[in-house]
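The values are calculated or read from the model by the stated rules, or taken from the named source; none is laboratory data. All values reported here derive from a predicted model rather than from experimental measurement. Please note: Cβ atoms are built from the backbone with ideal geometry, for glycine as well, and neighbour counts cover all protein chains shown.
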Amino acid sequence: MVFKPNARLNPRQVLDRRGVGGAGGIALGGGGIGVILLLAYVLLGGDPGALSGVADPGSVTGPNSSELAEECRTGQDANERADCRIVGFVNSIQDYWTDAFAQSGSSYRPAETVLFDGSVNTACGAASAAVGPFYCPLDTRVYLDLGFYDELERRFGAEGGPLAEGYVVAHEYGHHVENLLGVLEGGSRDAGAEGTAVRIELMADCLAGVWARNAESTGFLRQLTQTDIAQALDAAAAVGDDRIQERIQGQVTPETWTHGSSEQRQQWFLTGYEGGRVGDCDTFRADL
């Protein structure tokens, strides 16, 4: 049990596009790459628009959230259903960032999460489920296929658990916070162990840790335990560039990293969790 059973959920922050589909998958210039390589490239924060041609921007329309509105009402529902759990995490994360921005004298602009399977149209292009979770800054939405969590355990060796799921959602909302702060504007996203792309991803990991530190204060989650935090750290390690490269190509090439090593991702999540402050997450001035 992670959520407080009597917490009231707000399903309107999540749009349900499962079973609707989109206009096919991302088109890759110069030929395709395997599903696993594609997943590794954009895992937890990659921009699918950067890989596409670009597909026509899509809007999320059609039947959305009717079942979620009926089935995802309380924290107990979140403890029992995977989709309701995502609603609960989104509610908690956005509640925290709304307060955090207000305390700094600015306003937080909420971002919807879109649940999909198969494929989905976004302002960053048409994405397939192989992409994994991602944030599109052009429409300020987080996109998530729940099947990703099975892949995280089965193919990347993560132990799973509710806080592994919460970490993934919080990481993507970390990109939304970066977008609101102007971190995602302009500039190149050069690869490499100390490149801009890695620093952006590690900052999002740190911001996820900040939320985790303050999650109980939002009223949705009970106090997190060391077991909960271990689940998040295990998920962070599972999607480190070094571990993914070792599994896919049998060797580690730091010069091509886009998200950071397993150790870096764990380190920066812990930095955010232990300090609980956005000011601790300046990866651009840090010595990686």
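For the reader, a short list of remarks on this structure follows.
- Looking across region 128-164, the residues that are crowded, with 24+ Cβ neighbours inside 10 Å and assigned to a helix (DSSP H, G or I) come down to Val131, Leu152, Leu163.
- Qualifying residue in region 183-193 (condition: buried (at least 16 other Cβ atoms within 10 Å of the Cβ), in contact (Cβ under 8 Å) with a residue 24 or more places away in the chain and over 20 Å from the mean Cα position of the chain (by Cα)): yes
- From the options Asp117, Asp77, Asp95, residue that is in contact with an Asp or Glu (Cβ under 8 Å, 6 or more places away or on another chain), part of a helix (DSSP H, G or I), touching a residue at least 24 places away in the same chain (Cβ under 8 Å) and surrounded by fewer than 24 Cβ atoms within 10 Å (Cβ to Cβ): Asp77
- Matching residues in region 150-180 - criterion: being modelled with pLDDT under 95 and not small (Gly, Ala, Ser): Asp150, Glu151, Leu152, Glu153, Arg154, Arg155, Phe156, Glu159
Listed here are the residues, each with its yes/no results for (1) on the phi > 0 side of the Ramachandran plot; (2) at pLDDT below 95.
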position	(1), (2)
Ile200	no, no
Ala204	no, no
Val210	no, no
Ala215	no, no
Gly219	yes, no
Thr225	no, no
Ala235	no, no
Ile244	no, yes
Gln249	no, yes
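- Flag if Arg199 is among the basic types (Lys, Arg) and closer than 13 Å to Arg265 by Cα: yes
- Some residue of region 191-203 being in a loop (DSSP other than H, G, I, E, B) and in contact with a Gly (Cβ under 9 Å, 6 or more places away or on another chain): yes
- Subset of region 129-138 that is out of contact with any strand residue (DSSP E or B) (no Cβ under 6 Å at 6 or more places or on another chain) and closer than 23 Å to Arg12 by Cα - its residue that is modelled with the lowest pLDDT: Ala129
- So Ala127, is it in contact with a helix residue (DSSP H, G or I) (Cβ under 9 Å, 6 or more places away or on another chain) and touching a residue at least 60 places away in the same chain (Cβ under 8 Å): yes
- Annotation note: of Cys84, Cys124, the sole residue that is in contact with a Gly (Cβ under 7 Å, 6 or more places away or on another chain) and either surrounded by 21 or more Cβ atoms within 10 Å (Cβ to Cβ) or modelled with pLDDT of 95 or more (or both) is Cys124.
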